[in-house]
Amino acid sequence: MSVIFKKTAGLTETDTHYCPGCTHGVAHRLVGEVLEELGLLGDTIGCASVGCSIFSYNYFNVDMIECSHGRAPAVATGIKRTVPGKTVFTYQGDGDLAAIGTAEIVHAAHRGEHITVIFVNNAIYGMTGGQMAPTTLSGQKATTAPTGRNAELSGMPLKMSEMIAEVPGATYVERVSLHHPKYIRKAKKAILRGFTYQLQNRGFSMVELLSTCPTGWGLAPVAALEWLGNNMIPYYPLGVLKAPEEV
Amino acid sequence: MADRRGIPHIAVERCKGCGLCVSVCPEAVLSIDESRVNLKGYYPVTVESGESCIGCLSCALICPDVTFTIELLDDR
């Protein structure tokens with residue numbers, strides 16, 4: 001007999017506070033597995049954000065720092081420039097990265113900082129109670145959009161990966177999804193690629209993970225996976241948006 | 001060709017009973033056990049028909065709480 005799957009050493013023994021069925025836990029595990037497989041657990045500094053992922057410093061088995069809301073890429077910039085031998089990543093949700101932190105992420109990409117950004121997009125503000133985020137889909141209900149997001153009032157959902165891919169300083173941008181095991185395998189490959197480019201000093205990489213928020217969406221966990229596949233992927237198409245030419 | 005045979009192990013106290021694993025298992029190996037609650041207060045997942053497990057890892061991949069450890073039987 002051989003063990004073909006076990007909990008990665010990249011995660012601590014602490015149970016997460018996430019709601020049942022929230023795919024934040026999947027995203028955490030993938031990052032932990034990639035860092036373990038690359039042998040980086042002793043050499044990585046993670047930058048936690050504000051949002052549901054605010055306690056992620058309790059879950060990743062690496063050195064972590066808690067950043068002000070939206071400022072994780074700026075903090076990561078300082079760390080990476082101070083200790084360039086360390087692997088530095090940020091773990092941010094859409095309320096953090098796509099709203100209050102839009103300036104920081106754009107300019108970190110623009111400067112071509114050698115950091116890896118893990119961007120978890122669940123199209124809503126989870127921690128604060130399901131309010132509308134910049135990434136909330138048109139027509140999607142939120143506590144601050146009880147009849148659904150109205151594009152005339154709130155604009156269309158912001159596509160961060162497309163935006164960052166247009167920034168000249170960005171090296172690698174890919175959008176993946178966590179709603180099915182098949183896609184989770186692809187997501188892990190994307191995260192691996194993001195960290196590999198950082199190890200090669202090739203610049204800024206960002207992986208957007210489409211994620212569920214069963215509580216914020218008002219759906220059962222399994223229904224939330226289906227909702228993601230049926231509603232988010234058509235608007236947020238999966239795939240590599242930018243990558244170095246030779247790969 | 002020998003059948004691929006897996007053995008799922010469940011860390012019951014990590015489970016939040018979300019049922020994502022049950023929904024993706026192609027062989028209906030898993031079910032939610034509503035006859036007990038774990039320390040967190042959830043109905044945990046349980047192995048319903050372990051002999052059907054093919055070790056595809058779908059449950060382990062989708063589980064947000066890293067509840068599963070999967071072994072593969074080599075001698076089949």
**Message:** Please go through the range A:49-58 and give me each residue that is under 15 Å from the mean Cα position of the chain (by Cα), surrounded by fewer than 24 Cβ atoms within 10 Å (Cβ to Cβ) and not hydroxyl-bearing (Ser, Thr, Tyr), ordered by number.
**Reply:** A:VAL50, A:ILE54, A:PHE55
**Prompt:** With respect to A:CYS47, is the statement that it is more than 13 Å from chain B (Cβ to nearest Cβ), touching a Pro at 6+ places or on another chain (Cβ under 9 Å) and either in a strand (DSSP E or B) or farther than 17 Å from A:LEU199 by Cβ (or both) true?
**Reply:** yes
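Inside the range A:220-247, can you point out the residues that are in contact with a Cys (Cβ under 9 Å, 6 or more places away or on another chain) and either assigned to a loop (DSSP other than H, G, I, E, B) or surrounded by 21 or more Cβ atoms within 10 Å (Cβ to Cβ) (or both)?
The first filter runs over the range A:220-247 and keeps only residues in contact with a Cys (Cβ under 9 Å, 6 or more places away or on another chain), leaving A:220-222, A:224.
Scanning the range A:220-247 gives A:ALA220, A:PRO221, A:ALA224.
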**Prompt:** Could you say whether any residue in the range A:143-162 is assigned to a strand (DSSP E or B) and in contact (Cβ under 8 Å) with a residue 60 or more places away in the chain?
**Reply:** no
**Message:** Condition first: touching a helix residue (DSSP H, G or I) at 6+ places or on another chain (Cβ under 6 Å) and free of Cβ contacts under 8 Å to residues at least 40 places away in the same chain. Now tell me which residues in the range A:163-206 satisfy that.
**Reply:** A:PRO181
**Prompt:** Can you pull out the residues in the range A:173-209 that are outside any helix (DSSP H, G or I), surrounded by fewer than 24 Cβ atoms within 10 Å (Cβ to Cβ) and away from chain B (no Cβ under 14 Å)?
**Reply:** A:GLN200, A:ASN201, A:ARG202, A:GLY203
**Asked** Can you find a residue in the range A:77-88 that is surrounded by fewer than 24 Cβ atoms within 10 Å (Cβ to Cβ) and under 19 Å from A:GLU208 (Cβ atoms)?
**Response** no
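Quick one: which residue in A:VAL176, A:VAL207, A:VAL240 is under 19 Å from the mean Cα position of the chain (by Cα), closer than 25 Å to A:ARG81 by Cβ and among the aliphatic types (A, V, I, L, M)?
Only one candidate qualifies: A:VAL207.
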**Request:** Return the only residue of A:GLY70, A:GLY78, A:GLY112, A:GLY95 being in a loop (DSSP other than H, G, I, E, B) and either farther than 25 Å from A:LEU238 by Cβ or free of Cβ contacts under 8 Å to residues at least 60 places away in the same chain (or both).
**Result:** A:GLY70
**Fill in**
Residues of the range B:32-44 being buried (at least 16 other Cβ atoms within 10 Å of the Cβ) and either more than 8 Å from chain A (Cβ to nearest Cβ) or of a type in the set (S, T, N, Q) (or both), in sequence order, are B:ILE32, B:ASP33, B:ASN38, B:TYR43, B:PRO44
**Message:** So, A:GLU36, is that one within 14 Å of chain B (Cβ to nearest Cβ) and either surrounded by fewer than 19 Cβ atoms within 10 Å (Cβ to Cβ) or over 16 Å from B:VAL66 (Cβ atoms) (or both) or not?
**Reply:** yes
**Prompt:** Do we find that B:GLY6 is on the phi > 0 side of the Ramachandran plot and either more than 13 Å from chain A (Cβ to nearest Cβ) or more than 9 Å from the chain's Cα centre (by Cα) (or both) in this structure?
**Reply:** no
**Fill in**
Checked pairs for the range B:45-72, first closer than 24 Å to A:CYS22 by Cα and more than 7 Å from chain A (Cβ to nearest Cβ), second not basic (Lys, Arg) and not in a strand (DSSP E or B), C-beta under 6 Å and 6 or more apart or across chains, list as B:VAL45/B:CYS15; B:VAL45/B:CYS21; B:THR46/B:ASP33; B:CYS59/B:CYS21; B:CYS59/B:CYS25; B:CYS63/B:CYS21; B:THR67/B:ALA11; B:THR67/B:CYS15
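Please go through the range A:10-33 and pick out each residue that is in a loop (DSSP other than H, G, I, E, B) and either facing chain B (nearest Cβ under 7 Å) or under 20 Å from the mean Cα position of the chain (by Cα) (or both). Working first, answer last.
So the first thing to find is which residues in the range A:10-33 are in a loop (DSSP other than H, G, I, E, B), and the list is A:10, A:12-23.
Across the range A:10-33, the qualifying residues are A:GLY10, A:THR12, A:ASP15, A:THR16, A:HIS17, A:TYR18, A:CYS19, A:PRO20, A:GLY21, A:CYS22, A:THR23.
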**Message:** Taking the criterion of being among the β-branched types (Val, Ile, Thr) and within 12 Å of chain B (Cβ to nearest Cβ), would at least one residue in the range A:51-58 satisfy it?
**Reply:** no
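Quick note: the coordinates plus some simple rules give every number you see, no bench work behind them. Remember, it's a predicted structure, so these values are computed and weren't measured experimentally. Cβ atoms come from the backbone with ideal geometry, glycine included; neighbour counts cover every protein chain shown.
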